[in-house]
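Below you'll find the structure, written out as structure tokens, and then a few comments.
The values are calculated or read from the model by the stated rules, or taken from the named source; none is laboratory data. Source: prediction; values computed, not measured. Backbone-built Cβ (ideal geometry, glycine too); neighbour counts: all protein chains shown.
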């Protein structure tokens, strides 16, 4: 972006950061001497080629048909659902875990869970929403388990081997009894003053 868009200043260490610089009061067209374009002119000729909502509804309808077939036992229908939703589920899980191997494991768990629970899928929400919820839950559970493993692995060895409040064992009780007996014998030998 040309430097005349922003007031003079030192660029951030991350490059041209528009959020940290003040914008000048004039637009690029005004700087070049061209008259500003009226929004009504520019938007009058703009017509979307297709309504994205219609495309999403068609995909949701096709997913609903595939879910119905998969509930009936059609393995190919479930395979198509997996192929269709795998990239999105992968991205969701990877954003949580940030490790490829863990992501592969959790994505496999997500689709296994979806396959096992497909009969309970009511269709109140889109399939992609349901899979997203499963993916987030499984990824967070995996992250919690991994954090617990790291925490346990980082505990000191001495503390892991000894209980925090040791209960007296029979050997400890016998040693304590013997120590009290010896102490009593020694105290009897001490002359009274």
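For the stretch 123-132, residues that are assigned to a helix (DSSP H, G or I) and surrounded by fewer than 13 Cβ atoms within 10 Å (Cβ to Cβ) total 1. Being modelled with pLDDT under 95 and closer than 30 Å to residue 88 by Cβ holds for only one residue in 147, 184, 159, and it is 147. Could you please let me know if residue 104 is without any contact (Cβ under 8 Å) to a residue 12 or more places away in the chain and more than 23 Å from the chain's Cα centre (by Cα)? No: the conditions fail for residue 104.
Here's the yes/no breakdown for (1) surrounded by fewer than 14 Cβ atoms within 10 Å (Cβ to Cβ); (2) modelled with pLDDT under 95:
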residue: 28; (1), (2): yes, yes
residue: 40; (1), (2): yes, yes
residue: 57; (1), (2): yes, yes
residue: 103; (1), (2): no, no
residue: 116; (1), (2): yes, no
residue: 135; (1), (2): no, no
